[in-house]
Amino acid sequence: MIPMRAVNSVAEQEACYRMNSPLLFGVLQALDPDSRVELLDLAPSNANLLDYCSQYHCKLHLPGCRDELLRLHDTEGENQTLLSDVFKRCIPLHSRDPHTLDLLLLWDLPNYLDKPVLSAFIAHLMPYVDSGTVLHTYIHTRQTMPEYPGNYRLTQENTVMVEMSAAWNVSSPAYYQELMNKVFAPFRVDRGMLLANGMQEYILRTK
Amino acid sequence: MIDMKQIKENVSNRMKPHQAPDMPADFTVRESKPLVSARESTAAIGASIRIKGDVSGDENLIIQGHVEGTIKLQGHNVTISNTGKVNANIVANQIIVEGEVQGDMIGEEKVIIRETGNVYGNIVAPRVTLEDGAMFKGSIEMEPHQKGMTAPKSAASAMSGGDNPVRKTA
């Protein structure tokens, strides 16, 4: 299912733990409560994000398509048209305003997508992105990572509760900054911070 | 257009205890589960009922069956119970989803999706509650500063076919 080579190592990380995520909360706290903001979260919908965002005048796009995206494979970049059709169906951003998204929450999903799939996803979003759009993601920096993406929940203490269900580790794509700039183009890394669990937290912007 | 008042009147008449001609005077036939409780002013669409069309009215509504079309109960509450399946846009004061909804919802006060709820569609409401285990795919627009709001322009647009663009206000 997931285009990663399994390695013979049992996941050592705790199944559920709390972590700081300074860049994410920096972005969230910088949102203007008097302005209307639009967020996209591909993960299965959860109450915590909704609760957190209830203080804002906001529109949350929650297509809940993470697992469907994980089933997409295009290691050689040969199926871009097909991918485009899938994204149109999975992530129907109906707004007719061409630049609407303020924050894209990808969590750790990019680690699990083929690079051409990730690029096609970014291309699908481009009509809804402007220079103020922020993309947030966690990238695994160690050689291995859990075989499935985690679930991430915002807590009231401004930390993130991480829930991992994977029993095994797989090799990680080990994105370095220049490769990220290429795969996420036209987004470029704006800020990065190494977290205690070995993941690198990134903020990317288009400018 | 299906008028809930008419449904209530019809059902109330049907529910009045009636006397069979060859029965003793004190014998009455009773419904075990009344469809309508006039005291609570809540109507119910039973589990075996299927409605295709527009539902409107001036009382609360519990949907246990299937509804396809539109549901407009402004100022009143709509509950889609565990067995309820709705393929319709809904406008109501408070919308509680315990069953399945495919369509857009505008809650004047709030929308609650219970843990058994399954929603595909877009929601506009000042407050939206998603219980753990609830399944939701779509978009949620919250406007916490507008108490007692009427349907926002974007939602009204969505309900009428989406001709107007959703624009940032700032």
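The values are calculated or read from the model by the stated rules, or taken from the named source; none is laboratory data. Everything numeric here is computed off the predicted structure, so don't read it as measured data. Positions of Cβ are backbone-derived with ideal geometry, glycine not excepted, and every protein chain shown enters the neighbour counts.
The residues in region A:44-76 that are among the acidic types (Asp, Glu), assigned to a helix (DSSP H, G or I) and more than 11 Å from every other protein chain (Cβ to nearest Cβ) can be counted, and the count is 1.
Take residues that are of a type in the set (D, E, K, R) and tell me which of the strands (runs of 3 or more DSSP E) falling wholly in region A:133-196 contain 2 or more.
A:188-194
To keep it simple, each residue is scored yes or no on (1) more than 14 Å from chain A (Cβ to nearest Cβ); (2) in a loop (DSSP other than H, G, I, E, B); (3) within 14 Å of the chain's Cα centre (by Cα); (4) within 25 Å of B:Ser41 (Cβ to Cβ).
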site	(1), (2), (3), (4)
B:Gln94	yes, no, yes, yes
B:Gly107	no, no, yes, yes
B:Lys110	no, no, yes, yes
B:Ser139	no, no, no, no
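Taken together, A:Leu103, A:Leu31 contain a single residue that is at pLDDT below 90 and within 14 Å of chain B (Cβ to nearest Cβ), which is A:Leu31.
Would you check if there is a residue in region B:118-135 being away from chain A (no Cβ under 14 Å), at pLDDT 90 or above and under 28 Å from A:Leu101 (Cα atoms)? Within region B:118-135, not a single residue is away from chain A (no Cβ under 14 Å), at pLDDT 90 or above and under 28 Å from A:Leu101 (Cα atoms). In the set (1) in contact (Cβ under 8 Å) with a residue 60 or more places away in the chain; (2) within 25 Å of B:Glu115 (Cα to Cα); (3) not in a strand (DSSP E or B), A:Val27 fails one condition alone, (2).
Would you check if B:Lys85 is surrounded by fewer than 21 Cβ atoms within 10 Å (Cβ to Cβ) and out of contact with any Lys or Arg (no Cβ under 8 Å at 6 or more places or on another chain)? When the stated conditions are applied, B:Lys85 passes them.
Within region A:115-135, how many residues are surrounded by 20 or more Cβ atoms within 10 Å (Cβ to Cβ), touching a helix residue (DSSP H, G or I) at 6+ places or on another chain (Cβ under 8 Å) and not β-branched (Val, Ile, Thr)? Within region A:115-135, residues that are surrounded by 20 or more Cβ atoms within 10 Å (Cβ to Cβ), touching a helix residue (DSSP H, G or I) at 6+ places or on another chain (Cβ under 8 Å) and not β-branched (Val, Ile, Thr) number 3. Residues in region A:34-43 that are in a loop (DSSP other than H, G, I, E, B), of a type outside the set (D, E, K, R) and within 9 Å of chain B (Cβ to nearest Cβ): 1 in all. Tell me, please, whether a residue that is closer than 22 Å to A:Pro92 by Cα and surrounded by fewer than 20 Cβ atoms within 10 Å (Cβ to Cβ) can be found in region B:94-102. Within region B:94-102 (the criterion being closer than 22 Å to A:Pro92 by Cα and surrounded by fewer than 20 Cβ atoms within 10 Å (Cβ to Cβ)), the answer is yes, since at least one residue qualifies. Within region A:77-94, not a single residue is crowded, with 18+ Cβ neighbours inside 10 Å, more than 10 Å from chain B (Cβ to nearest Cβ) and modelled with pLDDT of 90 or more.
Just one residue in the set B:Val78, B:Val101, B:Val86 is modelled with pLDDT of 95 or more, closer than 18 Å to B:Gly138 by Cβ, in a strand (DSSP E or B) and in contact with a Phe, Trp or Tyr (Cβ under 8 Å, 6 or more places away or on another chain); that residue is B:Val101. Annotation: of all residues in region A:158-168 being at pLDDT 90 or above and of a type outside the set (A, V, I, L, M), the one that is farthest from A:Ile139 (Cα to Cα) is A:Asn158. Residues in region B:112-126 that are in a strand (DSSP E or B) and surrounded by 16 or more Cβ atoms within 10 Å (Cβ to Cβ): B:Ile112, B:Ile113, B:Asn118, B:Val119, B:Gly121, B:Asn122, B:Ile123, B:Val124, B:Ala125. The numbered conditions (1) of a type outside the set (S, T, N, Q); (2) in contact (Cβ under 8 Å) with a residue 60 or more places away in the chain; (3) more than 19 Å from A:Ile139 (Cα to Cα) are all true for A:Phe87 except (2).
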